[in-house]
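Student: To start, I am sharing the structure in question, which I have written as structure tokens.
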Amino acid sequence: MRYEEVSLRAIDFRDERYRISRGAGLEHLMRSIRQEGLVSPPVVCRSGRRYVLVTGWKRALACRALGFRKLPVLITEETNELHLLRLAFSENGATREFSLLEKADLLDKLNRLGMSVNRLVREYLPPLGLPATAVHLRMMLSLAGAHRSVRDFVSEKSPSPAVVKALLGFSAGDRRLLLPLLRPLGQNKQRQVLEDLRDVCRRDGIPVRRLFRRQGFQSIFRSSRLSMLQKAEAARQGLKRMRFPALNAREEEFRSALRQLKWPGGITAQPSPYFEEDHVTVSFRMGSREEFRAALDKLRDIAGRDELDALFRGKG
Amino acid sequence: MIERIFVDRKAASEPLTRRILKNSPDIPIEFVTRRRPIDDRMAAAEDPIGEGKKILWLTRQKGGFVKPCPCTPKYIGCHYFIINSVLNCPLDCSYCILQLYLGPSPVTVFVNLEEMRRGWDAFIRRRSGRFFRVGTGELGDSLALDPLTRTAAEFISYFRTRPNAFFELKTKTVHIQGVLEAEPAENIVISWSLNSVPVARREEKGAPSVFERLEAAREVVKRGFPVGFHFDPLVLHPGWEEAYGRIIERLLRMIPADRIRWISLGSLRFSPALKGMIEERFPASRLPLGEMVPGRDGKLRYFKPLRLELYRGIVTALRRNGGEGIPLYFCMEDGEAWQKILKKNPGRKDDVERALSPRVKGSGSNLRLY
Ligand code: SF4
């Protein structure tokens, strides 16, 4: 490779063949270049009379933003696109973690340059921290080719691969319906919404669109009282009830039994997780003998009532 | 089914290796010194687990010839021991735990039978005077490879003279030729996993129909062997009660109840990781769509009232069709299920063991063990 200073105008910034970095925010880098200069020059290759950036995209963009006219570069004579992309991959990978979207774009580029599925799975997925399976490769390629709205969501919210995988399992049209619902939720809830929705639609044989046209969902989506977060939360709860109808019915039965018993505040009654075990845990706090006695009196009163049995019902 | 055989050079001279190769004249064979080519082949496949099921790997086992069955902690197991003569299975059931437990793995046959037999001798000496159940069908299907290995008859003749062992060959196949050629004994149980017709058809790729399995069981009973059945995994699906009822009715019409040594019941269960695997490898499977919630061991099971309803339906069908005297046990269930459905709570593994052996130990049994 040959060191040279080339005019920034000679660099074709529209050619993103080897671009891996997507992150915004050049300020930090610009400050460092202003203070220390450009310590490590980007690598470029020739393309006709101009140059294409192979590595150092952010550095070049920062220099341009700082108003540099010339850019110190290393010019490689390599012309094989696959080799150049691998160079970009190893240089970037040595210094930082790739985002999911960057990984997807890299795999997509390698794939387009003719690298076989086998090689991608075996040689690229493990160093990218992804399971070495064809299914994961397919998911990443699908992410690379996804609609801009999906890519923006992934870039902004950094969802887990599991969320991305579940989202990509829906049709492009369904994804557009889902994105506003997912945005306000945390990762676990995003995943839960997607999985419950997928399972309900498959189980009942109805498309997402039709499910969302149902009265319950429409009144959530159309509500002017609810914030986006509240709508997302209400839709999540609704989906969970549809996905687990028997569990939901039992939970409702339990709550109704507590209401009928006029269960005293300050004393909690908790079934075992998912009603898997045959018991209810009752707990309360006390700060004195009197408080203790008062709680016991209330419980003794409840113990004499027939409605108590409903707390233990539903166990078959 | 098996498409290629790899032979570990160190195992090439074992008599069992030679027998398997003789019995598979049309399958390409490679002799190798390491497993690497097999792993490469699996890694290169779109479905590495499915690829492993097409490869037969003949090698030697280094130790651990008999192991306790890895029952789920926190649920009541059944004190079972497993012989790992085979690892993995050429069938491809969507719910199979081996996908997760073994990962991409060839179907492996351990061919150093002589050494394995010495290991079994030592194990049996340690348990002398104590009844135990032992089988080969936990990390694979006991008979799926028998047309190639012809080991079933050898196992039977070994265990028929060990009266404190109940030896079980557990299968979904109809490869019973080797069994029929062996001398029957009362402590040798050939057992079949059964399911409803729609579940077997949709979820048990490569397995014969449930009716064919029952036909095979009838043959084996005719030959003089006791049999066992495993309704596992029981699956809730539209019409499940009639579907299982039909199988149970047919089963008890074809097989005399007093020749059925046990029937086990286990509802569908899987870890979240296995659920993901089923969704990936079997996208048409409906198993992950059930109303399943995490249990105490972290595995997903049907919500308990649904599970109990399922068990109750099966037990009722068994009783209705004349199976009330058949010992039943649950696979990986808690005391509540035992108590509510079977009206007994074994509490500990040893109790399950005793419950399954009343006709063997100290109960005025007329059972002869050989
Ligand atoms: S027959 Fe048994 S071991 Fe074989 S794939 Fe099915 S469940 Fe797994």
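The values are calculated or read from the model by the stated rules, or taken from the named source; none is laboratory data. Being a predicted model, the structure only gives us computed values, none of them experimental. Neighbour counts are summed over all protein chains in view; Cβ atoms, including those assigned to glycine, are modelled from backbone coordinates with ideal geometry. Ligands, DNA and RNA are stripped out before the accessible areas are found, and what is left, the full protein with its side chains, is counted by its heavy atoms. Shrake-Rupley method; radii C 1.70, N 1.55, O 1.52, S 1.80 Å.
Student: Considering only DSSP beta bridges whose two residues both sit in the protein assembly as shown, what percent are antiparallel, to the nearest 5? It would help to have the intermediate numbers written out before the result.
Tutor: On the way: 28 of 70 bridges.
Taking every DSSP beta bridge within the protein assembly as shown, about 40 percent pair in antiparallel fashion.
Student: Sort out for me the Cα centre separation of segment A:149-171 from segment B:26-68, rounded to whole Å.
Tutor: 37
Student: Next question, about the same structure. Relative to the compact-globule scaling 2.2 N^0.38 Å, provide the ratio for the alpha-carbon radius of gyration of segment A:254-312. Mind showing how you got there, number by number?
Tutor: Details: Rg = 12.0 Å, N = 59, 2.2 N^0.38 = 10.4 Å.
That works out to 1.16 for segment A:254-312.
Student: Under a cut-off of 26 Å between alpha-carbon atoms, report the lysines in cross-link reach of B:LYS222, not counting same-chain residues fewer than 8 places apart.
Tutor: Cross-link targets: B:LYS170, B:LYS172, B:LYS361.
Student: Restricting the calculation to Cα positions, tell me the Rg (one decimal) and the Dmax (whole number) of the protein assembly as shown in Å.
Tutor: Both quantities, over Cα of the protein assembly as shown: 31.6, 102 Å.
Student: Moving on to the next point. So what's the back-of-envelope 222 nm ellipticity for chain B, counting only DSSP H runs of four-plus at -39500 (n - 2.57) apiece and dividing by all residues, rounded to 500? Please report the intermediate quantities before stating the final value.
Tutor: Details: 14 runs with 128 residues, N = 370.
Only helices count here, giving -10000 deg cm²/dmol.
Student: I'd like the mean, over residues of B:202-214, of how many other protein chain beta carbons sit within 10 Å of each residue's own Cβ.
Tutor: Mean shielding by partner chains, rounded to a whole number: 0.
Student: Sort out for me the Cα centre separation of segment B:98-158 from segment B:281-317, rounded to whole Å.
Tutor: Computed from Cα coordinates, the inter-centre distance equals 30 Å.
Student: Same structure, new question: Residue-wise, which Karplus ³J(HN,Hα) couplings in Hz belong to segment A:266-273, taking 6.51 cos²θ - 1.76 cosθ + 1.60, θ = phi - 60°, and x for glycine or proline?
Tutor: Listing the rounded values in order: x, 10, 9, 10, 10, x, 5, x Hz.
Student: Dividing the alpha-carbon Rg of segment B:4-369 by 2.2 N^0.38 Å yields what? Each step should come with its number before you reach the end.
Tutor: On the way: Rg = 20.1 Å, N = 366, 2.2 N^0.38 = 20.7 Å.
For segment B:4-369, the normalised Cα radius of gyration is 0.97.
Student: Sort out for me the Cα centre separation of segment A:282-311 from segment A:204-218, rounded to whole Å.
Tutor: If you average the Cα positions of each part, the centres end up 44 Å apart.
Student: Follow-up. Per residue of A:115-128, count partner chain C-beta atoms within 10 Å of its C-beta, then hand back the mean as an integer. The partial results should precede the final answer.
Tutor: Numbers: counts 0, 1, 2, 5, 1, 0, 5, 3, 0, 0, 0, 0, 0, 0.
Rounded to a whole number, the mean comes out at 1.
Student: A follow-up question, please. Under a 5 Å amide H to amide H cut-off, with H placed in plane at 1.01 Å, what residues pair with B:ARG261 once short-range neighbours are removed?
Tutor: B:VAL227, B:GLY228
Student: Okay, moving on. What is the spread of the Cα atoms of chain A along each of their three principal axes, largest first, in whole Å?
Tutor: Rounded to whole Å, the extents work out to 92, 51, 42 Å.
Student: Anything over 22 Å Cα to Cα? Flag those among A:LYS240/B:LYS304; B:LYS10/B:LYS67; B:LYS304/B:LYS340; A:LYS298/B:LYS304, in the order listed.
Tutor: Too far apart for the 22 Å limit: B:LYS10/B:LYS67; A:LYS298/B:LYS304.
Student: Could you calculate the contour length gain from A:GLU16 to A:ARG213, that is, 0.36 nm times the residue separation minus the distance between their Cα atoms, to one decimal place in nm?
Tutor: On the way: separation 197, 0.36 × 197 = 70.92 nm, distance 4.20 nm.
Stretched fully, the A:GLU16-A:ARG213 segment lengthens by 66.7 nm.
Student: Heavy atoms only, probe 1.4 Å: what % of the accessible area of the protein assembly as shown goes to carbon and sulfur, would you let me know?
Tutor: Working: 16260 of 32030 Å².
It is 51 percent, rounded to a whole number.
Student: Count the net charge of all other residues whose Cβ sits under 11 Å from the Cβ of B:ARG253, scoring Lys and Arg as +1 and Asp and Glu as -1.
Tutor: Numbers: positive: B:ARG218, B:ARG246, B:ARG250; negative: B:GLU249.
Overall, the nearby charge balance is +2.
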